[in-house]
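Structure first, commentary second.
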Amino acid sequence: MKQTIDDLDRTYDVCLANGMFKEKNTVDIELIKSLKEMAEKGLEFIKKKSEGIKKGSSDWTFVFRDYYESLRGLIEAILLFDKIEADSHQCKNAYICEKHPELELDWEFLETARLRRNAINYKGQWLNYDDWNRLSIQFELHISMLIKELDKRLGQIRPSFQLTL
């Protein structure tokens with residue numbers, strides 16, 4: 001399946017011009033913690049479940065979807081630290097890549113994963129083991145970086161304190 005990845009700067013500009021980024025008044029630390037924990041528990045669960053999946057199985061589709069949902073939740077948690085919500089997964093990806101280059105997230109990978117997820121959810125396309133295997137290392141790297149960043153930021157917050165402006 002050939003996919004066209006839109007330009008990052010152009011995508012960010014379109015999201016901004018169309019009002020797809022919404023500013024929040026507070027940093028909801030409890031929601032950030034919950035999203036992070038849900039992502040980590042989801043990954044733990046799917047890693048255990050995937051141990052028995054045969055290479056010829058189409059169940060790799062579900063492994064992919066669960067990894068994608070964990071990645072998406074972690075991205076959302078970072079945006080919440082910035083007091084930002086975005087109306088689409090693509091705009092969330094554009095925001096985090098544009099505003100957080102220090103995380104060294106790969107726009108093309110994030111968009112490839114998003115497009116594959118959309119093909120699964122909206123077009124009924126399946127993934128096989130080879131498809132999953134090509135993406136799995138990138139998932140691990142991105143998820144690891146996001147968890148590390150969230151741990152760092154959460155470590156800087158005093159317990160039971162919610163930032164407001």
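Rounded to 0.05, the FRET efficiency of the Ser57 and Gln156 pair, given R0 = 41 Å and the Cβ-Cβ distance, is 0.45. When each of Trp60, Trp126 is scored by the number of other beta-carbon atoms lying within 10 Å, the sequence from fewest to most is Trp126, Trp60. Across the range 8-159, the mean sequence separation of Cα contacts (distance under 8 Å, 6 or more residues apart), normalised by length, yields a relative contact order of 33 percent. Loop-located trypsin sites (Lys or Arg not before Pro) in the range 16-84 (DSSP state other than H, G, I, E, B) with a sparse environment of at most 11 neighbouring Cβ atoms within 10 Å: Lys54, Lys55.
Within the set (i) 1.07; (ii) 1.14; (iii) 1.19, the number that Cα Rg over 2.2 N^0.38 Å takes when calculated for this structure is listed as (i). Unpaired Cys in the chain, meaning no second Cys C-beta under 4.7 Å: Cys97. Projecting label points 7 angstrom from Cα along Cα→Cβ for Ala17 and Glu37 puts them 4.2 nm apart. Summary value for the range 1-75: 33 percent relative contact order, contacts being C-alpha pairs under 8 angstrom separated by 6+ residues.
Against the empirical 2.2 N^0.38 Å (N residues), the range 1-92 has a Cα radius of gyration ratio of 1.33. In a reduced charge model with +1 at each Lys and Arg Cβ and -1 at each Asp and Glu Cβ, the range 8-159 shows a dipole moment near 420 debye about its Cα centre. Taking every DSSP helix (H) stretch of at least 4 residues in the chain, weighting each as -39,500 (n - 2.57) and dividing the sum by the residue count yields a mean residue ellipticity at 222 nm of -22500 deg cm²/dmol. Here the simple spin-label model places points 7 Å from the Cα toward Cβ, and for Lys47 and Asp82 these points are separated by 2.8 nm. Select from Leu154, Gly73, Ala17 the residue farthest towards the positive end of the dipole of the chain; place +1 on Cβ of Lys and Arg, -1 on Cβ of Asp and Glu, and compute about the Cα centre. It is Gly73, whose Cα lies furthest towards the positive end.
All of the numbers you see were taken from the coordinates with simple rules; none came from a lab. Everything numeric in this text was worked out from a predicted model, so none of it was measured. No Cβ is skipped: glycine too gets one built from the backbone with ideal geometry, and neighbour counts run over all protein chains shown.
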